[in-house]
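A short write-up of the structure that comes next.
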Amino acid sequence: MLRIYLTNLGKYNEGYLIGEWVNLPVDADELEEVKARIGINAEYEEMFITDWESDVDGVSVGEYDNIDELNELAEELDKLDEYGLEIVAAFLSEGYDLEEALERREDVLFFSDCYDMEAVARVYCEETGLLDSIPENLRDYFDFAAFGRDMSFEGHFVFTSAGNCVEIL
């Protein structure tokens with residue numbers, strides 16, 4: 001979910017906060033109705049965003065961001081499942097902007113239920129079969145903590161608030 005508070009700039013400069021919350025994505029007709037309700041017309045042509053809300057951690061909206069572009073980004077966000085949103089939030093936490101995060105969201109490895117690098121190493125070894133050639137009775141001697149530490153030196157891992165790990169490739 002992405003919501004913006006759209007404000008009439010002319011009225012704001014005159015000391016009045018005239019605006020309305022808009023849920024994005026919004027269709028063109030509905031946006032025109034909002035503009036009419038907040039007094040965007042021939043006399044007051046300019047508007048700006050005075051507040052915003054999002055379910056995705058790290059989303060940031062600027063006062064003069066393009067509403068059409070925000071609308072497109074909101075449409076992309078609405079298409080994502082919970083894991084996709086978590087991946088986008090991981091990118092945002094690393095300084096990517098929303099557009100970059102949405103573009104790169106498939107350039108990752110996702111590790112479920114991993115709170116530290118030792119758990120990531122265990123999942124990685126299991127999923128790749130890295131230890132399959134080692135006899136079962138010797139696998140317990142493998143140092144997953146050390147392997148996870150080494151993985152962290154070579155990769156870019158982001159732990160999420162939902163208890164998962166995203167490796168940005």
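Data for the structure
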| quantity | calculated |
| --- | --- |
| Segment 88-126, subset of a type outside the set (Gly, Ala, Ser) and in contact (Cβ under 8 Å) with a residue 60 or more places away in the chain, residue surrounded by the fewest Cβ atoms within 10 Å (Cβ to Cβ) | ASP107 |
| Pairs, first within 12 Å of VAL120 (Cα to Cα) in segment 133-156, second among the hydroxyl-bearing types (Ser, Thr, Tyr), C-beta under 8 Å, six or more apart | MET151/TYR124 |
| Residues (of a type in the set (D, E, K, R) and either more than 18 Å from TYR5 (Cα to Cα) or under 8 Å from the mean Cα position of the chain (by Cα) (or both)) located in segment 55-103 | ASP57, GLU76, ASP78, LYS79, ASP81, GLU82, GLU86, GLU94, ASP97, GLU99, GLU100, GLU103 |
| So TRP21, is it without any contact (Cβ under 8 Å) to a residue 60 or more places away in the chain, outside the structural domain of VAL158 (by TED's automatic domain parsing), over 18 Å from VAL166 (Cβ atoms) and surrounded by 18 or more Cβ atoms within 10 Å (Cβ to Cβ) | no |
| Segment 146-163: number of residues that are more than 11 Å from LEU109 (Cβ to Cβ) and either in contact with a Lys or Arg (Cβ under 6 Å, 6 or more places away or on another chain) or not in a strand (DSSP E or B) (or both) | 12 |
| GLU53 among the charged types (D, E, K, R) and farther than 20 Å from VAL88 by Cβ | no |
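The values are calculated or read from the model by the stated rules, or taken from the named source; none is laboratory data. Being a predicted model, the structure only gives us computed values, none of them experimental. Counting neighbours? That spans all protein chains shown, and the Cβs are built from the backbone with ideal geometry, glycine included.
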